Amino acid sequence: MIEQLIINGERVNASDGGTFDVFDPSTGELLATVAKATKADVSRAVAAAHAAMESKTWGGLAPAERGRIMNRIAQTIRDRAEELATLESRDNGKPLRQARTDVQVAARYFEFFAGIADKIMGNTIPLGPGFLDFTVREPIGVSAQIVPWNYPIQIGARGVAPALAAGCAVVLKPSSEAPMTALRLGEIGLACGLPPGALNVIPGTGSEAGVALASHPDINQLTFTGSVDVGIGVAKMAAENVVPVVMELGGKSPNVVFADADFDLAAAGVANAIFQNAGQTCSAGSRLLIERKAHDAFVAKLVERAKAMRVGPGVSDPDMGPIISKKQLETVERYVGVGAGEGAQVAAGGARPSDPGLGKGYYFQPTLLDRVTPDMRVAQEEIFGPVLAMIEFDDIEQAVEIANRSQYGLVSGIWTRDINKAMSLASRIKAGQVYINTYGAGGGVELPFGGYKKSGYGREKGLESLASYTQVKNVCIKY
Ligand code: NAD
């Protein structure tokens with residue numbers, strides 16, 4: 001059976017009947033055959049989204065009613081949580097409990113933004129006697145959303161929910177590596193009362209559907225989540241049509257651990273920040289900056305944790321699942337070789353697991369690279385795998401300098417019992433989010449999220465994200 005596209009409220013085949021296969025990275029087995037959106041399908045989806053914007057059933061709907069639909073979506077995601085989590089785990093390979101968290105976070109996005117749908121307000125601006133001036137925040141229009149494979153349902157919901165709350169219509173293009181839960185999201189939306197065209201889901205390749213969507217002259221806004229190189233190309237295409245973009249790109253986020261930190265707390269946080277989702281997280285804490293005098297004691301704790309982790313198929317709920325694809329696995333493997341060549345020492349992992357039972361999947365061991373120096377490639381480039389680059393520093397000045405010596409600036413973590421040290425570093429670190437004695441906040445639906453530097457621009461999550469999906473109209477009355 002073919003998993004069809006969702007365009008204008010209907011499940012349809014691709015215009016040319018084309019399909020692609022999706023594989024379970026835990027086993028290498030076929031998971032599904034999915035309709036592959038063409039340029040014509042993208043145009044149909046964009047037209048359907050515009051028609052929804054003009055319709056009474058979406059564009060003309062009272063904001064409170066949009067919120068009610070979104071609350072029903074949140075509830076239905078929760079009602080179907082186990083089914084969605086299992087599908088996400090098989091599609092992406094992530095451990096079941098991570099997939100369960102992702103599904104709950106997706107529900108929370110709809111719930112959070114449902115509550116905002118009828119509270120998107122403007123201002124009155126005092127011009128003096130004889131004038132009334134006010135602003136209205138109108139939906140920006142058709143939002144094109146291109147998302148990656150690493151957190152499909154979470155990142156799908158992250159963009160779709162604020163856009164719908166603002167009254168936009170959405171064309172969502174999931175990655176061809178893991179498109180399944182985005183399609184379920186589209187189905188759920190329709191079942192919960194979204195009218196045709198308000199949410200279209202068109203899986204397809206980047207080179208065809210992605211390019212067609214990013215360059216489409218009729219989209220009004222674009223949210224792109226993915227790699228820097230692809231993001232630059234997407235932003236250029238959007239610029240041709242003067243379409244504003246949100247760019248959620250990569251990272252090389254540092255966890256800075258001082259000698260006075262609570263080591264058990266910090267080791268758990270640092271390990272989770274890199275090994276969650278097998279390191280395939282934009283905000284992965286992929287650099288450890290460890291105060292030199294604490295190096296041995298802290299690294300010993302991390303080594304113990306990494307070696308104790310059970311790697312296996314996502315649905316068996318291991319500590320860590322596989323890498324998304326053979327290609328990505330080979331990239332991770334290559335980087336470990338690069339690090340070793342540069343003088344880093346493998347303190348844990350560093351290879352595929354030897355368990356023959358895992359032979360068909362794309363597994364890699366949780367890996368710690370020790371004695372890394374700040375300019376090594378493994379300290380500078382996003383590996384997107386379970387590989388932590390561990391770098392030593394002597395004092396807070398050096399910690400700031402190393403933390404900021406990166407083209408990226410997405411997230412950062414600081415671990416210390418000294419609030420002055422923590423606040424001093426937090427104010428000087430160049431990153432969109434700073435965590436102190438914690439990391440990630442379990443999805444952080446309420447917290448503005450986005451990059452400094454090449455990690456991107458624009459903000460998702462929290463109230464800040466509404467700025468991307470609304471535009472301000474000023475109305476001036478003379479009386
Ligand atoms: P990717 O850039 O290869 O693909 C992302 C999406 O873009 C996919 O849907 C893909 O089909 C599409 N795409 C590919 N080529 C395209 C093109 N030429 N035109 C239009 N669309 C195109 O990224 P990926 O491998 O799927 O994901 C990993 C990357 O995403 C990492 O760099 C990671 O850091 C980043 N990421 C960032 C965030 C964030 O919020 N900042 C979140 C998750 C992942």
Asp317 vs. criteria within 26 Å of the chain's Cα centre (by Cα), among the acidic types (Asp, Glu) and either surrounded by fewer than 24 Cβ atoms within 10 Å (Cβ to Cβ) or within 16 Å of the ligand (Cβ to nearest atom) (or both):
yes
Just need a number here: residues in segment 333-351 that are of a type in the set (Val, Ile, Thr) and buried (at least 19 other Cβ atoms within 10 Å of the Cβ).
1
Among the residues of segment 276-304, write down those that are away from the ligand (no atom under 16 Å from the Cβ), in a helix (DSSP H, G or I) and under 27 Å from Asp375 (Cβ atoms).
Arg292, Lys293, Ala294, His295, Asp296, Ala297, Phe298, Val299, Ala300, Lys301, Leu302, Val303
Which condition number in (1) more than 8 Å from the ligand (Cβ to nearest atom); (2) of a type in the set (Val, Ile, Thr); (3) touching a Pro at 6+ places or on another chain (Cβ under 8 Å) is the one that Thr225 fails?
(1)
Being of a type in the set (Lys, Arg), within 26 Å of Gln276 (Cβ to Cβ) and out of contact with any helix residue (DSSP H, G or I) (no Cβ under 8 Å at 6 or more places or on another chain) is the requirement here; does Arg97 meet it?
yes
Filter segment 324-361 down to the residues that are in contact with a Pro (Cβ under 7 Å, 6 or more places away or on another chain) and modelled with pLDDT of 95 or more and list them by number.
Ala348, Gly349
Scan of segment 228-253 for residues that are away from the ligand (no atom under 15 Å from the Cβ) and either within 21 Å of Lys453 (Cα to Cα) or in contact with a helix residue (DSSP H, G or I) (Cβ under 7 Å, 6 or more places away or on another chain) (or both), ordered by number:
Pro244
For segment 228-256, give me the residue count where each residue is more than 15 Å from the chain's Cα centre (by Cα) and within 18 Å of Thr367 (Cβ to Cβ).
2
Which of the residues spanning segment 234-267 are in a helix (DSSP H, G or I), in contact (Cβ under 8 Å) with a residue 24 or more places away in the chain and either under 20 Å from Glu304 (Cα atoms) or touching a Leu at 6+ places or on another chain (Cβ under 9 Å) (or both)?
Val234, Met237, Ala238, Phe263, Asp264, Leu265, Ala266, Ala267
Restricting attention to strands (runs of 3 or more DSSP E) lying wholly within segment 66-184, give those where 1 or more residues are β-branched (Val, Ile, Thr) and out of contact with any Gly (no Cβ under 6 Å at 6 or more places or on another chain).
142-146, 169-173
Among the residues of segment 392-404, is there at least one that is of a type in the set (Val, Ile, Thr) and within 26 Å of Pro95 (Cβ to Cβ)?
no
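The values are calculated or read from the model by the stated rules, or taken from the named source; none is laboratory data. This is a predicted model, so every value here is computed, not measured. In this analysis, Cβ positions are derived from the backbone assuming ideal geometry, glycine residues included, and neighbour counts consider all displayed protein chains.
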